[in-house]
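Undergrad: One structure follows; several queries about it will come next.
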Amino acid sequence: MASRGMRVALFEKDDFGFGTTWRSTKLIHGGLRYLEHGDVRLVFESLRERKWLLRTRPHLVRPLRFLLPTLPWTRRPAWQVGLGLTAYDVLAAAGGLPFHRRVGAKRASELAPGIRENSGGFTFYDARALAPERLALELAMEARAMGAAVFNHTSVTAIDCEAGMVVGIGVEAGRGLWRVPTKRVINAAGPWVDAVARLAEPEERGILGVTRGTHLVLEPEVLPTQAAVLSTARSDGRVFFAIPKGRLLLVGTTDERSESEPGSVAPTRHEVDYLLAEAEELFPAAGLGRKQVRYAYAGLRPLIRGKEVPAAAISRRHDVLDHGERGGPGGLYSVVGGKLSTFRPLAREAADRVDRRRQMRAPLTSLPRHAFAGPSRNLRIYGPAAGEVAALGEDLVCEHEGLTVGQVRHAIQNEMATTLSDIILRRTGLGWTAGRGLCCAKDVAGLAAQHLGWAPGESAVQLEKFHEDVRRNLPALDEVLT
């Protein structure tokens, strides 16, 4: 919207990418299983966006090889799977990734040591986001560079309406309250969409069909896979992933309907037991157990409320709802559904609905390709800013994970980080490591205090809040309570 010359303000209740984006499976994929459901349009759109992200954000989005094994409980014969993968390759339309290949049982076991006895399978390529929260951050910073006013840790507390039309919003940051006049509000609050809509329409019955996805993060030595594994759960046929992530392994995911308050979402013991049992079925020789799990996390999918179907079958398509067309206040629009891969067409549709001056659909925004220009593996996620980050200081704050002084300074000076959790969990990626950033939190807090001007005692407050954020959002198994 800022690129169209519109006056735009973004208010984030917590931090950029704090909600669903941060807690996802971190895949930028076309959605092979959506093809199984016949949603060819969504798959084509997702593959087009995957190609664009691989080209323009190579520091954040990388190709990922998958093994799709043929197991005793595989529901579809190999020829059907191969046909589906061929269609997937065709829809990718020169997407720059290798086509799928048939592999034998020996090669499958080489790619995924310890995998259950199988009759081979297929390899194919998709993509993953190394740090989805940084992708969200980059988009916010680029919007700011185009003239948008961008705020984090700023809640929208009211949507003011007169004569059935939006006239302004109330916002709160810290102890400050103020009013912002506006005629258009786009409610893109993810799993909080219904709560925000009710600020203008208290009687709103709800437009979301929310499902919860839980993941486990395991020690990689247990499963030294050379490829990500995509399979189906033996117990119920759900999609099941095992994805190498740095020096860890991500296993997931569940797909359960959720009615809980979004801010309290957490893994359940039932989900942990389910994921461990399925991982043991897939890798029976690995000796998996609870002691190999470093931590778990859960996120909510803010999907379109629809028919009473199994959670996994709810459409991943997006929609931009005009509340004025539904009998609500004019000027309020709610974004529901969608995938991480398809944020760009979703944003275009929202802009088209709001920007009534346009008679033609605007093209998707194209950004220049980012090239890596930094000296360190850890700095690759910064793309063109890597050299700038290195120049801010290469002394180590955390020897275990290679966190530098420059990364902390850059987060504060250039990326609107104002809390310890912002820095560790959503700027540097330290929260996703085996130690969840706990080992160096005190040192990071000391450095942050110097640059943010924290009052005496504030570092202790920030440390306590960070530890609580980790317990709530990235709990070790003994911290999974329900």
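The values are calculated or read from the model by the stated rules, or taken from the named source; none is laboratory data. Everything numeric in this text was worked out from a predicted model, so none of it was measured. Counting neighbours? That spans all protein chains shown, and the Cβs are built from the backbone with ideal geometry, glycine included.
Undergrad: Could you check Arg50 against (1) of a type in the set (Lys, Arg); (2) at pLDDT 95 or above; (3) out of contact with any helix residue (DSSP H, G or I) (no Cβ under 7 Å at 6 or more places or on another chain) and say which number it fails?
TA: Just one mismatch for Arg50, condition (3).
Undergrad: Residue check, Arg62 against (1) within 16 Å of the chain's Cα centre (by Cα); (2) buried (at least 20 other Cβ atoms within 10 Å of the Cβ), all met but one. Which one?
TA: That leaves (2) as the condition not met.
Undergrad: Oh, and also: Restricting the first residue to region 416-442 and requiring it to be farther than 15 Å from Gly17 by Cα and not assigned by TED's automatic domain parsing to the domain that holds Gly406, which pairs with a second residue that is at pLDDT 95 or above and surrounded by fewer than 20 Cβ atoms within 10 Å (Cβ to Cβ) meet a Cβ separation below 9 Å and a spacing of at least six or different chains?
TA: none
Undergrad: Turning to a different aspect of this structure: Condition first: touching a strand residue (DSSP E or B) at 6+ places or on another chain (Cβ under 9 Å) and modelled with pLDDT of 95 or more. Can you find one or more residues in region 453-472 that meet it?
TA: Yes, because at least one residue in region 453-472 is touching a strand residue (DSSP E or B) at 6+ places or on another chain (Cβ under 9 Å) and modelled with pLDDT of 95 or more.
Undergrad: Quick check: is even one residue across region 462-482 of a type in the set (Ser, Thr, Tyr), under 16 Å from Ile412 (Cβ atoms) and under 29 Å from the mean Cα position of the chain (by Cα)?
TA: No; the residues of region 462-482 include none that is of a type in the set (Ser, Thr, Tyr), under 16 Å from Ile412 (Cβ atoms) and under 29 Å from the mean Cα position of the chain (by Cα).
Undergrad: Something else now. When region 404-433 is examined, which residues are found to be within 11 Å of Val444 (Cα to Cα) and surrounded by fewer than 24 Cβ atoms within 10 Å (Cβ to Cβ)?
TA: Thr404, Val405, Arg409, Thr419
Undergrad: Going by the conditions given, is Ala228 aliphatic (A, V, I, L, M), at pLDDT 90 or above and out of contact with any helix residue (DSSP H, G or I) (no Cβ under 8 Å at 6 or more places or on another chain)?
TA: yes
Undergrad: If I filter region 94-140 down to residues being of a type in the set (Asp, Glu) and more than 24 Å from Asp14 (Cβ to Cβ), which single residue comes out as modelled with the lowest pLDDT?
TA: Restricting to residues being of a type in the set (Asp, Glu) and more than 24 Å from Asp14 (Cβ to Cβ), the top hit is Glu117.
Undergrad: Residue check: is Gly263 in contact with a Phe, Trp or Tyr (Cβ under 9 Å, 6 or more places away or on another chain) and over 20 Å from Gly209 (Cα atoms)?
TA: It is false that Gly263 is in contact with a Phe, Trp or Tyr (Cβ under 9 Å, 6 or more places away or on another chain) and over 20 Å from Gly209 (Cα atoms).
Undergrad: Taking interchain pairs and intrachain pairs at least six residues apart, which have beta carbon atoms under 7 angstrom, with the first residue in region 91-119 and in a helix (DSSP H, G or I) and the second aromatic (Phe, Trp, Tyr) and surrounded by 14 or more Cβ atoms within 10 Å (Cβ to Cβ)?
TA: Qualifying pairs under 7 Å: Leu91/Phe44.
Undergrad: Out of curiosity, is Arg65 modelled with pLDDT of 95 or more and not in a helix (DSSP H, G or I)?
TA: Yes, satisfied.
Undergrad: Next up: Of the residues Arg184, Arg175, which single one is assigned by TED's automatic domain parsing to the domain that holds Gly337 and modelled with pLDDT of 90 or more?
TA: Just one listed residue meets the conditions, Arg184.
Undergrad: Now a separate question. State whether the residues of region 122-133 include one that is farther than 30 Å from Glu415 by Cβ and out of contact with any His (no Cβ under 6 Å at 6 or more places or on another chain).
TA: Yes, region 122-133 has at least one match.
Undergrad: Out of Ala386, Ala373, report the one residue that is at pLDDT below 95, farther than 15 Å from Asp443 by Cβ and surrounded by fewer than 19 Cβ atoms within 10 Å (Cβ to Cβ).
TA: Ala373
Undergrad: Pairs, please: C-beta under 7 Å, at least 6 apart or cross-chain, first residue over 21 Å from Phe240 (Cα atoms) and touching a residue at least 60 places away in the same chain (Cβ under 8 Å) and in region 47-76, second assigned to a loop (DSSP other than H, G, I, E, B) and among the aromatic types (Phe, Trp, Tyr)?
TA: His59/Phe372
Undergrad: Just need a number here: residues in region 162-181 that are assigned to a strand (DSSP E or B) and within 15 Å of Leu332 (Cβ to Cβ).
TA: Qualifying residue count, region 162-181: 9.
Undergrad: Now for a separate question. Any residue in region 153-166 that is in the same structural domain as Lys183 (by TED's automatic domain parsing) sitting within a Cβ distance under 8 Å of a residue that is among the small types (Gly, Ala, Ser) and buried (at least 17 other Cβ atoms within 10 Å of the Cβ)? List the pairs, counting only those 6 or more apart or interchain.
TA: Ile159/Ala200; Cys161/Ala200; Met165/Gly331; Val166/Ala200; Val166/Gly331
Undergrad: Quick one: in region 1-28, which of the residues that are touching a helix residue (DSSP H, G or I) at 6+ places or on another chain (Cβ under 7 Å), surrounded by fewer than 23 Cβ atoms within 10 Å (Cβ to Cβ) and not in a loop (DSSP other than H, G, I, E, B) is modelled with the highest pLDDT?
TA: Leu10
Undergrad: OK, next. If I filter region 129-176 down to residues being among the acidic types (Asp, Glu) and more than 27 Å from the chain's Cα centre (by Cα), which single residue comes out as surrounded by the most Cβ atoms within 10 Å (Cβ to Cβ)?
TA: Asp160
Undergrad: Next question. When you scan region 212-232, do you find a residue that is among the small types (Gly, Ala, Ser) and either surrounded by fewer than 21 Cβ atoms within 10 Å (Cβ to Cβ) or assigned by TED's automatic domain parsing to the domain that holds Ile381 (or both), even just one?
TA: No, every residue in region 212-232 fails to be among the small types (Gly, Ala, Ser) and either surrounded by fewer than 21 Cβ atoms within 10 Å (Cβ to Cβ) or assigned by TED's automatic domain parsing to the domain that holds Ile381 (or both).
Undergrad: Can you find even one residue in region 29-47 that is hydrophobic (A, V, I, L, M, F, W, C), over 24 Å from Gly237 (Cα atoms) and assigned to a helix (DSSP H, G or I)?
TA: Scanning region 29-47 turns up at least one residue that is hydrophobic (A, V, I, L, M, F, W, C), over 24 Å from Gly237 (Cα atoms) and assigned to a helix (DSSP H, G or I).
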